[in-house]
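Accompanying notes for the structure given below.
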Amino acid sequence: MAQTAQEVLKWIQDDDIQMIDLKFIDMPGIWQHLTVHRSQIEDESFTDGVAFDGSSIRGWKAINESDMMMVPDPKTAWMDPFMKEPTLSLICSIKEPRTGEDYDRCPRVIAKKALEYLQSSGIGDTAYFGPEAEFFIFEDVRFDQTENSSFYFVDSVEGRWNTGSDEEGGNLGYKPSYKGGYFPVAPTDTLQDIRTEMLLTMAKCGVPIEKHHHEVATGGQCELGVRFAELIQAADYLMTYKYCVKNVAKKYGKTVTFMPKPLFNDNGSGMHTHQSIWSGGEPKFAGDQYAGLSQTALYYIGGILKHAPAILAFSNPSTNSYKRLVPGFEAPVNLAYSQGNRSASVRIPLSGDSPKAKRLEFRCPDATANPYLAFAAMLCAGIDGIKNEIDPGDPLDVDIYDLTPEELSKIPSTPGSLLDALNALEADHEFLTTGGVFTEDFITNWIEFKLDNEVNPMRLRPHPYEVALYYDA
């Protein structure tokens, strides 16, 4: 893979690549792109950027100040496997053309600032993140929302609800049961080949791959495993992951969603996020405290737990996110830590004795998150915990289902809705603005965007289940 601008330019020249695809992430977390001819890319493009109109990008510039610059990162270069004409892909950050400064509403710039804040704090020089994004593969999705109707419909050949269907030209059975989709072999697992192609396609795009498997839910829930990476690179990899998964699925005539809760009454899709801090090539989270962690790691956990309600405004940023985070199920709604309890929001993986493997796993996030923002928010919370020596309290090493209601009431819980998380962010965000990682402008803009485009529109609309409940009132 290329590492420098000169290497990218040589690659373009040597392979006679005509088209260059410049990808960048908008504020909510969706990749956008602009494809340019090779004549538009030169050495200065990797420092000064390539001009584009940013006025129509969600959450960004007004029309009277629309000119922006995309600055390609040469380390992100790969040949796009889904385009007919050989096309080189580059991931970009955004720069202000008037000042030459990084644009402070660009999520990738915010992630960069989080890493710089870590380094300036003296705590460490590298933050590793390892997201585990789950998703569903469906054969069919239909939805609509009008003034007098509302519906959605998803379908999968694997769906347990299809055991009585005659639309397959003879029903063969082999449908994973509800909550019974974890690790069955073929023919119950029908998605082996598509997952393999997804994984190997990601590898061609530079993502370090590990494994793939069927997940717990019926109806095609899956997960691909990739290696951890430095914060910005991990977010780049996650966006490449989603791009490859969706486009390989489309090739097979299928569709993918990373929605946390597309199915009622079965497991949702999360994005458990492993993280650790290193300094000078040495792990900072290994020690002689609980579960082999260092005191630094415990303070980091303290910061995550203290600020979790605000973090969730970025790590679980959809109204649908809170259909997954519901008390009483296996969802990680308890703001506590444990080396074994999967209902705790922070888990310490049983990773053996190697100091290099010591890390924590924040289990709340889901893949509707913009990864640059979510990872930056987690890191800022952890740094705040270390700087202020925030005690995470005692670990939750009991079966949560054995606790009495009185005992359970003493354990803080995650917010119950996106509105609650946004209110928490409004009340608690100094840990994000310290060090200049997030700006007050960005946080205010984020809250207003979410309220205006997601929370309030959802509150205004009748829900189909409400009609079933109340029509005969």
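Descriptive notes on the structure:
- Subset tally (residues that are open to solvent by 20 Å² or more (accessible area, probe 1.4 Å) and either under 27 Å from Trp161 (Cβ atoms) or part of a loop (DSSP other than H, G, I, E, B) (or both)) for the range 234-252: 5
- So Glu7, is it out of contact with any Phe, Trp or Tyr (no Cβ under 8 Å at 6 or more places or on another chain), of a type in the set (Asp, Glu) and in a helix (DSSP H, G or I): yes
- Taking the listed residues Thr218, Thr255, the one that is closer than 21 Å to Tyr182 by Cα, out of contact with any Leu (no Cβ under 6 Å at 6 or more places or on another chain), among the hydroxyl-bearing types (Ser, Thr, Tyr) and buried (at least 20 other Cβ atoms within 10 Å of the Cβ) is Thr218, with no other qualifying.
- Given (1) without any contact (Cβ under 8 Å) to a residue 24 or more places away in the chain; (2) in contact with an Asp or Glu (Cβ under 9 Å, 6 or more places away or on another chain); (3) of a type in the set (A, V, I, L, M, F, W, C), number of the condition Val326 does not satisfy: (2)
- Test: residue in the range 241-250 that is over 22 Å from Gln32 (Cα atoms), at pLDDT 95 or above and not basic (Lys, Arg): no
- The helices (runs of 4 or more DSSP H) found wholly in the range 398-444 and carrying at least 2 residues that are open to solvent by 70 Å² or more (accessible area, probe 1.4 Å) and without any contact (Cβ under 8 Å) to a residue 40 or more places away in the chain occupy 405-409, 418-427.
Matching residues to (1) part of a strand (DSSP E or B); (2) at pLDDT 95 or above; (3) within 22 Å of the chain's Cα centre (by Cα); (4) buried (at least 23 other Cβ atoms within 10 Å of the Cβ):
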position: Ile304; (1), (2), (3), (4): no, yes, yes, yes
position: Phe314; (1), (2), (3), (4): no, yes, yes, yes
position: Val326; (1), (2), (3), (4): no, no, yes, no
position: Pro332; (1), (2), (3), (4): no, no, yes, yes
position: Arg342; (1), (2), (3), (4): no, no, yes, no
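- So Ser177, is it of a type in the set (Ser, Thr, Tyr), more than 21 Å from the chain's Cα centre (by Cα), loosely packed, with under 15 Cβ neighbours inside 10 Å and within 30 Å of Ile443 (Cα to Cα): no
- Residue among Ile41, Ile17, Ile57, Ile30 that is at negative phi and in contact (Cβ under 8 Å) with a residue 40 or more places away in the chain: Ile17
- Among the numbered conditions (1) farther than 30 Å from Gly281 by Cα; (2) open to solvent by less than 30 Å² (accessible area, probe 1.4 Å), the only one that Ala133 does not meet is (1).
The values are calculated or read from the model by the stated rules, or taken from the named source; none is laboratory data. The structure presented is a predicted model; accordingly, all values stated were derived computationally and were not measured. Methodologically, a virtual Cβ is constructed for each residue, glycine included, from the backbone with ideal geometry; neighbour enumeration extends over all protein chains shown. Quick note on the areas: whole protein, heavy atoms, side chains included, nothing else; ligands and nucleic acids left out. Shrake-Rupley method; radii C 1.70, N 1.55, O 1.52, S 1.80 Å.
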